[in-house]
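Asks: After the structure tokens below, expect a handful of questions from me.
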Amino acid sequence: MIHQAIEILNAWDTHQPQFTLQTSGSTGTPTSITHSRNALQWSAESTLKTWFDHQKAPIQLCALPFNKAGGFMQLIRASVWRSPIWLGEPNSNPLESIENYVLFLPQRFEISEQNGIETNKPIPFNILPFSPALWDQFPPQLLSITPMQFVVMNNNPNSQARLQNIDTVLLGGQNISDEIEKSILNEFPNTRFIHTFGSTETASHFAGREIKPGKTHFHTTAGTSINANQNHELMVRNPTTQDQWITLSDKVEILSNTEFRWLGRTNLVINTGGVKVHIEDLENQISQLLNWPLFSFYCMGETHPKFGEQITLVTTHQNVTLEEILIELQALNPLHRPKSLRHISKIPMLPNGKIDRNVGNNA
């Protein structure tokens, strides 16, 4: 982990002109996308300008993979902002074992610590192992996590207490359930949560929605233009797209030049009998009706001779039958109800905290 971070930071410090990122692969085969150094720098500066108003750059904590946009961009922000960043191995609970973190501290900071970690390549950071005193001196203020990581931390009293001391949390990677949003509003009154919106194609987030009562729309970061095509798919233009319009697999309602409401993924759709069912919307409804937490189940489409596709419910809840489930799902449109049930021991997850829907047919 440290070696990989050093490689990225050294490449940035030596003005490498281009960087290649890999998509998550949650809905298809992972692909590589290359971004220019200028585009990545713009993204980092736009984040600071939009959500921190050019104030003193926050201290970050990173527990996301560096080979994906989420973790990679945290390193780029630390370089552009010249701000400290705590780094740890990607895991489901980033605030459980804080003693395993190391601090990458810009050399402009004066420190009394003398036990820094040596590097094989020059970078403008000192690398310091965790100590309680160092954690207190440079407490993390900005945390980027996935909804799954939030759920795990919120169910751990020690991690929840640490999370409540974070100033700002960027929550991204997928949609947020009503259950998660309710937990945030009720249990974290002093922490600002921003539901971010972005893609590997745009290097990082280009919009965000501060989680507050009644706020359902996203607002773009500084310098981003948005539109929608005739299929209501989101179109984005900013320096990360080389100032060209690109179309994302997201259905939206455009509210203004800088605001939109997200309606669902266009590539997470099951077409059953000619009716298009948005998977994430359906999963949210099922979660509420069955009182099942997200990440204990998911929905997938399977080939059906008559309807084209049928909805299959895949779950870790073992002692339940399809008949029992359908009794609880009477409020759903009949065409949205699962037609088959599959039990598995563990939900397949990608390193970035998304469900790996590609393994569904092998579950």
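The values are calculated or read from the model by the stated rules, or taken from the named source; none is laboratory data. Computed from a prediction, not measured in an experiment: that's the story for all the values here. Cβ: placed from backbone, ideal geometry, glycine included. Neighbour counts: every protein chain shown.
Asks: Specify the residue that is modelled with the highest pLDDT; the eligible residues are those in the range 17-31 that are in a loop (DSSP other than H, G, I, E, B) and in contact with a Pro (Cβ under 8 Å, 6 or more places away or on another chain).
Replies: Of the range 17-31, the ones in a loop (DSSP other than H, G, I, E, B) are 17, 23-31.
Those left that are additionally in contact with a Pro (Cβ under 8 Å, 6 or more places away or on another chain): 23-24.
Details: T23: 71, S24: 61.
Result: T23.
Asks: Taking the range 61-88 as the region of interest, how many residues are of a type in the set (K, R) and part of a helix (DSSP H, G or I)? So that I can check it myself, show each step before the final result.
Replies: Our first condition is that a residue be of a type in the set (K, R); within the range 61-88, this holds for 68, 77, 82.
In the following step, the residues that additionally are part of a helix (DSSP H, G or I) were identified as 77.
Number satisfying all stated conditions: 1.
Asks: For the structure I just gave you, tell me whether D356 is free of Cβ contacts under 8 Å to residues at least 24 places away in the same chain and either on the phi < 0 side of the Ramachandran plot or of a type outside the set (K, R) (or both). Full working, then the answer.
Replies: On the way: free of Cβ contacts under 8 Å to residues at least 24 places away in the same chain: no; either on the phi < 0 side of the Ramachandran plot or of a type outside the set (K, R) (or both): yes.
The answer is no for D356.
Asks: Related question: Would you please name the residue that is surrounded by the most Cβ atoms within 10 Å (Cβ to Cβ), looking only at residues in the range 216-246 that are under 22 Å from I176 (Cα atoms) and of a type in the set (S, T, N, Q)?
Replies: If we take residues in the range 216-246 being under 22 Å from I176 (Cα atoms) and of a type in the set (S, T, N, Q), then T221 is surrounded by the most Cβ atoms within 10 Å (Cβ to Cβ).
Asks: Just checking, which of T221, T247 is assigned by TED's automatic domain parsing to the domain that holds D178, of a type outside the set (A, V, I, L, M) and closer than 16 Å to I33 by Cα? So that I can check it myself, show each step before the final result.
Replies: Details: T221 fails: closer than 16 Å to I33 by Cα.
Exactly one of T221, T247 is assigned by TED's automatic domain parsing to the domain that holds D178, of a type outside the set (A, V, I, L, M) and closer than 16 Å to I33 by Cα, namely T247.
Asks: Let me ask another. Given A5, A63, which one is modelled with pLDDT under 95, more than 18 Å from the chain's Cα centre (by Cα) and buried (at least 22 other Cβ atoms within 10 Å of the Cβ)?
Replies: On the way: A63 fails: more than 18 Å from the chain's Cα centre (by Cα).
The match here is A5.
Asks: Of all residues in the range 250-298, how many are acidic (D, E) and in the same structural domain as L335 (by TED's automatic domain parsing)? Write out each step before concluding.
Replies: Here is the first cut: in the range 250-298, the ones acidic (D, E) are 250, 253, 259, 280-281, 283.
Narrowing further to those that are in the same structural domain as L335 (by TED's automatic domain parsing): 280-281, 283.
The total comes to 3.
Asks: Right, next: From S345, S287, S249, grab the single residue that is assigned to a helix (DSSP H, G or I), of a type outside the set (V, I, T) and touching a Ser or Thr at 6+ places or on another chain (Cβ under 9 Å). Don't jump to the end; show me each part of the working.
Replies: On the way: S345 fails: assigned to a helix (DSSP H, G or I); S249 fails: assigned to a helix (DSSP H, G or I).
The match here is S287.
Asks: Separate question: Which of the residues that make up the range 119-144 are in a loop (DSSP other than H, G, I, E, B), surrounded by 14 or more Cβ atoms within 10 Å (Cβ to Cβ) and not aliphatic (A, V, I, L, M)?
Replies: Of all residues in the range 119-144, those in a loop (DSSP other than H, G, I, E, B) come to 119-124, 130-131, 138-141.
Checking which are surrounded by 14 or more Cβ atoms within 10 Å (Cβ to Cβ) leaves us with 119, 123-124, 130, 138-141.
Listed by number, the residues that qualify are T119, P124, F130, F138, P139, P140, Q141.
Asks: While we're looking at this one, here's another question. Being surrounded by fewer than 20 Cβ atoms within 10 Å (Cβ to Cβ) and in a helix (DSSP H, G or I) is the requirement here; does K182 meet it?
Replies: Details: surrounded by fewer than 20 Cβ atoms within 10 Å (Cβ to Cβ): yes; in a helix (DSSP H, G or I): yes.
The answer is yes for K182.
Asks: Just need a number here: residues in the range 94-118 that are in a loop (DSSP other than H, G, I, E, B) and surrounded by fewer than 18 Cβ atoms within 10 Å (Cβ to Cβ).
Replies: Of the residues in the range 94-118, the ones in a loop (DSSP other than H, G, I, E, B) are 94-97, 101, 107-118.
Adding the requirement that they be surrounded by fewer than 18 Cβ atoms within 10 Å (Cβ to Cβ) leaves 96-97, 107-118.
Of the residues in that region, 14 qualify.
Asks: When both residues are 6+ apart or on different chains and their Cβ atoms are under 8 Å apart, which pairs have a first residue that lies in the range 101-124 and is not assigned by TED's automatic domain parsing to the domain that holds C62, and a second that is modelled with pLDDT under 75?
Replies: From the range 101-124, no pairs qualify.
Asks: Further question: Any residue at all in the range 258-280 that is at positive phi and surrounded by 15 or more Cβ atoms within 10 Å (Cβ to Cβ)? Break it down into steps so the answer makes sense when it comes.
Replies: Kept after step one, since they are at positive phi, are these residues of the range 258-280: 264, 273-274.
Next cut, surrounded by 15 or more Cβ atoms within 10 Å (Cβ to Cβ) only: 264.
Yes, some residue in the range 258-280 is at positive phi and surrounded by 15 or more Cβ atoms within 10 Å (Cβ to Cβ).
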